[in-house]
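The values are calculated or read from the model by the stated rules, or taken from the named source; none is laboratory data. Quick caveat: nothing in here was measured; it's all calculated off a predicted structure. Note that we place each Cβ from the backbone using ideal geometry, even for glycine, and neighbour counts take in every protein chain shown. Heavy atoms of the whole protein, side chains included, go into the accessibility calculation; ligands, DNA and RNA do not. Shrake-Rupley method; radii C 1.70, N 1.55, O 1.52, S 1.80 Å.
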Amino acid sequence: MSPEPDPSSEASDERKVVVLFKATGDAPILRRNVVKIRASAKFEEILAHLTKSTRCERAFAYLGAAFAPRYDATIGALCDGYGERNDEGGKLVVFYSTTPAWG
Amino acid sequence: MSHVDACVGTVAITLEHKEKSLLLNVPRTASLGGFLARTEIRERLRLILDVPERFTAIEVRARDGKGEWERFDARFAHASALADCASTLDGVCGIRLEVKGDDDDAMRVDSGSGWDDLERECRQSFFNGVKEATYATHASASKAMTMTRESADAMWAAAQRGDYEGLRRAESSSAELREGRREVLPVRVYEVRDGSFARAVVVSAPASVERRDITVGDALRQFGVDLRDVRTVISQGIEIDLDFDLAKTHEALRHVDGFLYLVTHCGTSS
């Protein structure tokens, strides 16, 4: 995650989720495609991070290569429902694009 | 009783524009934005309320616990969840819709291209929900994503119009999509605090819970709702007891997109 809004910089004992970014369409490949983020962070923080990292006007993010979750959903809840929870916090795959990909 | 039987009904919504008003009965199951964007409805809005074809914002307001009107962007929600958020069972559902034209000093919500774009956005939002529910129950959204154009159009038309026969057919397509190997139920929880409609928040995403022997109260607890704080739980205009079986409640009251919408009214009484 980028230095300024890095949600992982909060309390160290808080659950964190590993987020893996996968580019789709003509989205640029990120230099750093795996980040650790607080489980309590909102999905919109991921969108802000992607918008900044891809240097585009607006980034789009999807789960399951299918749907966009609510922006106010927490990463922890999304990981529990659509990712893989484990002892280390969990893992969530996020697909991103610079134009709408899956509606 | 199928869930379609339980969900049939309308919500009275007062639409206001430039000091004119119109009372519309919107089917509970209808997508609010999609319903308003229907050709015959938009024509009525144009004739009776002078609503322009192109506009910059569409807002929903509802009375809060103090009787004030509060703004809430609810274009993509369905009428039933809005009504459930706006009132408790003993109160009158008061939703006021305000349409801002290009000549108004309105907050811009998009490029302001009017009804056609509103309908397209609402349709996208609806199918996004269908895909999410399918993914939650099937661990893949491929069934929803490979629907034929005809099935998708029929499902959207049913959601837009809230008509009984259309909903039955749409429900049958939707049920096929959701048949899956994961024993989970897609649920969304709105938490309305202190009677304030504007402070309604979704606390549940992605909101799938195990199907087996779970009550509504158990599910709310899983979503982080403090049950001691809950005054009422409403779904499709029906008060839900915390001891109700979640699977049966989902079966009877789910929306056509596959989600059960539980609206919890918390905090001090309005």
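Inter-chain neighbour count for A:60-68: the average number of beta-carbon atoms from partner chains within 10 Å of each residue's beta-carbon is 6.
The lysines whose alpha-carbon is closer than 27 Å to the alpha-carbon of residue B:18, local same-chain residues fewer than 8 away aside, are B:66, B:100.
Averaged over peptide B:134-145, the number of partner chain Cβ atoms lying within 10 Å of each residue's Cβ comes to 3. For the peptide B:115-125, the mean number of other protein chain Cβ atoms found within 10 angstrom of a residue's Cβ is 1. Applying the Karplus relation 6.51 cos²θ - 1.76 cosθ + 1.60 with θ = phi - 60° to the range A:72-88 yields 3J(HN,Hα) values of 8, 6, 7, 4, x, 5, 5, 5, 5, x, 10, x, 9, 7, 9, 5, 8 Hz, where x marks Gly and Pro.
In order along the range B:218-228, the phi-based Karplus estimate (6.51 cos²θ - 1.76 cosθ + 1.60, θ = phi - 60°) of 3J(HN,Hα) comes to 4, 5, 4, 4, 4, 8, x, 7, 7, 5, 5 Hz; Gly and Pro are listed as x. Distances between placed amide hydrogens fall under 5 Å for residue B:78 paired with B:32, all partners being 5 or more residues away or on another chain. Accessible area per residue was computed with a 1.4 Å probe on protein heavy atoms; residue B:243 scores about 120 Å². 3J(HN,Hα) along the range A:16-21: 10, 10, 7, 10, 9, 8 Hz, from the Karplus curve 6.51 cos²θ - 1.76 cosθ + 1.60 with θ = phi - 60°, whole Hz, x for Gly and Pro.
Only protein heavy atoms count here; on that basis, with a 1.4 Å probe, residue B:122 has an accessible area of about 0 Å². For the range A:14-97, the relative contact order is 43 percent, taking Cα pairs closer than 8 Å that sit 6 or more residues apart in sequence and dividing their mean separation by the residue count.
Taking the centroid of alpha carbons for each part, the range B:225-256 and the range A:19-90 are 31 Å apart.
Using modelled amide H (1.01 Å from N, peptide plane; none on Pro or chain starts), what sits under 5 Å from the amide H of residue B:11, excluding residues fewer than 5 places away? Those lying under 5 Å, H to H, from residue B:11 are B:26, B:28.
Residues whose amide H falls under 5 Å from that of residue B:51, counting only those 5 or more places apart or on a different chain, are B:46, with hydrogens built in the peptide plane.
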